[in-house]
Amino acid sequence: MNRSGVVAVLLMVTLGCFTLASVGIAQAETITLKFATGFSPKHTMQAKVFEPWAKKITELTGGKVKVTFYPGGALAKAPDTYSIAEKGIADLGYYLHDYTPGRFPLTTVFELPFMVPSAEKLSSAMWKTYEEIPAFKKEYDKVKLMALFGHPGGHFCTVKKPIKTIADFKGLKIRTVSPSVTKALKLYGAVPVSMPITETYTALERGVVDGTVVPWEGIAIFKLDDLIKYVSEASFYTVTMAVVMNKKKWESLPADVKKVIGENSGMSFSLACGKAYDAAEGPMKKKCLKSGVEVVQLAPDVIEKLKSLTMPLRAEWVKDMNAKGFPAQKVLDTALKNLK
């Protein structure tokens, strides 16, 4: 091979190495975040909030960050999404607090009956309370908290017998979602049965339970309108939720990526979740009505009776939390202030 040939070969090798090195650098700069959820990719939160959020993060980081979703329990079942994010099996996780009773004691203040004016107001109040109360913030010190939120007030849903009065609760087996809801249902005379929302369809179908507490969005998303006949509207309760990030993963991110994610989490992320839940209620209710679900309008005196029976649960919550060494009254007062 003549000299010019050797030079050409060396040039090609050099360019090849440079290209491979450039590809390697580009790949090294791409940060993939694994986002685990326990629900279908059609779930309101993923379709309306999480996926648009992920797209925005990718765009704002110039493609440096890519979020990969693992829905439907692909990495872990819904009750375990917090723990796998904490351990680093997932980088991000969508979590419902009712799956682990006792783990987030102060957060349960928002699960007390008749606390929820709307999902958006609830989400705002939760994030403000988190920022204002150190003991509340400490509940999430093992992760990077991205959002706190909940669904609009849930209702009493039954298969065979409509609930119109307090007496109608007596003996009904109703799926419960939290200790506060369990206590309230007992006060009404019902028999609470604890189970995840993902198991509720089968339980209703087999008669394991006579009904459930759930918002309209939940009825439609989990296809419970196939079975539920009556919905007694009461805006009775909420399930509180969170999106969390693995703490080590957060700390490993470059400063510019942290800035983008930080500016698009916290209050803004929480409000987006709350607004999406509120927006889903109307369309989901229409869907359920088309399926043959009947709305039961509870009389004002029945609503007031339901509320009055459960108001003592607030004082009981304060007493229980005080016994554990928490500033319970301050937390309750702060939560109520922020909800207003």
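Quick look at the values:
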item: Test: residue in the stretch 297-312 that is surrounded by fewer than 20 Cβ atoms within 10 Å (Cβ to Cβ), among the polar types (S, T, N, Q), at pLDDT 95 or above and assigned to a helix (DSSP H, G or I); result: yes
item: Residue list for the stretch 124-171, filter: under 27 Å from PHE50 (Cβ atoms) and assigned to a helix (DSSP H, G or I); result: SER124, ALA125, MET126, TRP127, LYS128, THR129, TYR130, GLU131, GLU132, PHE136, LYS137, LYS138
item: Test result for ALA47, aliphatic (A, V, I, L, M), in a helix (DSSP H, G or I) and without any contact (Cβ under 8 Å) to a residue 40 or more places away in the chain; result: yes
item: Members of the stretch 185-217 found to be assigned to a helix (DSSP H, G or I) and either among the β-branched types (Val, Ile, Thr) or within 22 Å of the chain's Cα centre (by Cα) (or both), listed by number; result: ILE197, THR198, GLU199, THR200, TYR201, THR202, TRP216, GLU217
item: First in the stretch 254-282 and more than 14 Å from LYS144 (Cα to Cα), second anywhere and charged (D, E, K, R) and surrounded by 22 or more Cβ atoms within 10 Å (Cβ to Cβ), Cβ under 7 Å, 6 or more apart; result: TYR277/GLU217; ALA280/GLU217; GLU281/GLU217
item: Test: residue in the stretch 160-177 that is farther than 24 Å from LYS77 by Cα, modelled with pLDDT under 95 and crowded, with 23+ Cβ neighbours inside 10 Å; result: no
item: Among residues of the stretch 131-149, those that are within 16 Å of VAL331 (Cβ to Cβ) and crowded, with 24+ Cβ neighbours inside 10 Å, counted; result: 2
item: Condition broken by ALA119, with the remaining ones in (1) among the small types (Gly, Ala, Ser); (2) more than 15 Å from LEU148 (Cβ to Cβ); (3) touching a residue at least 12 places away in the same chain (Cβ under 8 Å) satisfied; result: (2)
item: Positions within the stretch 197-210 being crowded, with 16+ Cβ neighbours inside 10 Å and not hydrophobic (A, V, I, L, M, F, W, C), in sequence order; result: THR198, THR200, TYR201, ASP210
item: Answer from ASP278, ASP333, ASP256, ASP301 - the residue that is closer than 21 Å to TYR94 by Cβ and either acidic (Asp, Glu) or in contact with a Cys (Cβ under 7 Å, 6 or more places away or on another chain) (or both); result: ASP278
item: Filtered residues of the stretch 267-289 (kept if among the small types (Gly, Ala, Ser), out of contact with any Leu (no Cβ under 8 Å at 6 or more places or on another chain) and surrounded by 15 or more Cβ atoms within 10 Å (Cβ to Cβ)); result: ALA272, ALA276, ALA279, ALA280
item: Residue within the stretch 83-91 that is in contact with a helix residue (DSSP H, G or I) (Cβ under 9 Å, 6 or more places away or on another chain), in a loop (DSSP other than H, G, I, E, B) and without any contact (Cβ under 8 Å) to a residue 60 or more places away in the chain present; result: yes
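Table: residues versus (1) of a type in the set (Val, Ile, Thr); (2) in the same structural domain as PHE50 (by TED's automatic domain parsing); (3) touching a strand residue (DSSP E or B) at 6+ places or on another chain (Cβ under 8 Å); (4) more than 21 Å from GLY274 (Cα to Cα).
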| site | (1), (2), (3), (4) |
| --- | --- |
| VAL181 | yes, no, yes, no |
| ASP210 | no, no, yes, yes |
| VAL213 | yes, no, yes, no |
| GLU217 | no, no, no, no |
| LEU253 | no, yes, yes, yes |
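Matching residues to (1) within 27 Å of PHE269 (Cβ to Cβ); (2) without any contact (Cβ under 8 Å) to a residue 40 or more places away in the chain; (3) not charged (D, E, K, R):
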{"position": "MET126", "(1), (2), (3)": "yes, no, yes"}
{"position": "PHE136", "(1), (2), (3)": "yes, no, yes"}
{"position": "PHE156", "(1), (2), (3)": "no, no, yes"}
{"position": "ILE166", "(1), (2), (3)": "no, no, yes"}
{"position": "LEU172", "(1), (2), (3)": "no, yes, yes"}
{"position": "ARG175", "(1), (2), (3)": "no, yes, no"}
{"position": "LYS183", "(1), (2), (3)": "no, no, no"}
{"position": "SER194", "(1), (2), (3)": "no, yes, yes"}
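The values are calculated or read from the model by the stated rules, or taken from the named source; none is laboratory data. In this text, all values refer to a predicted model and were calculated from it rather than measured experimentally. Note that each Cβ is placed from the backbone with ideal geometry, even for glycine, and that neighbours are counted across all protein chains shown.
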